[in-house]
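Contents: one structure, followed by commentary.
Just so it is clear, none of the values below were taken in a lab; they were calculated from the coordinates. Remember, it's a predicted structure, so these values are computed and weren't measured experimentally.
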Amino acid sequence: MRAIRKRPWADMAVNMTPLIDVVFLIIIFFIIMINFSEMHIRNINLPKADEAHDSLVNKNIILPVIIKSKEMIYLDRKLVTLETLTPALENKKAKMRDFQIQIMADETVPYEVIKQVLHKLSSLGIGKIEFSTLKQSPEPLQEDKKNEG
């Protein structure tokens, strides 16, 4: 009879708990690092304009101001209020020398809110302002066709 010798790696057991912990930590890290602010901005219905011109591409930096409601104003994709809009604009103005404001307001926003934003822009001496709209092509004229029997 021959004695069976155990191999040294036969008694080794793989503990999966640390591996699972590391995988969950990596998943949590990527979930936290996702930028969720862009999801809120995309739900804006721009008003339609009869006559619109394409945005002029120039050397100016375009700083977007997105107005969804009185409480939801985004300056460069960061949520601000009407009260904190002026200090945020002052910070941007101190960091950037030549920039242009692009206002994108939802078509359901009352004009009073847009007027307040424009007033804050003018009080800081910002004059390069562009409004974003959807270009609506005029509907063709159609003759009334009566059913003649």
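The figures follow:
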quantity	calculated
Segment Lys115-Phe24, extension gain: residue separation times 0.36 nm, minus the distance between their alpha carbons	27.9 nm
Long-range HN-HN contacts of Val80 with modeled amide H, under 5 Å	Ile73, Tyr74, Leu75
For the stretch 106-119, Karplus couplings with θ = phi - 60° (6.51, -1.76, 1.60), whole Hz, Gly/Pro x	5, 5, 8, 6, x, 4, 4, 5, 5, 4, 5, 5, 4, 5
5 angstrom amide H check on Gln100, placed H, neighbours 5+ away	Ile61, Ile62, Leu63
Residue-by-residue Karplus 3J(HN,Hα) for the stretch 90-102, coefficients 6.51, -1.76, 1.60, Hz, glycine and proline x	4, 5, 5, 5, 6, 7, 10, 8, 10, 9, 10, 8, 10
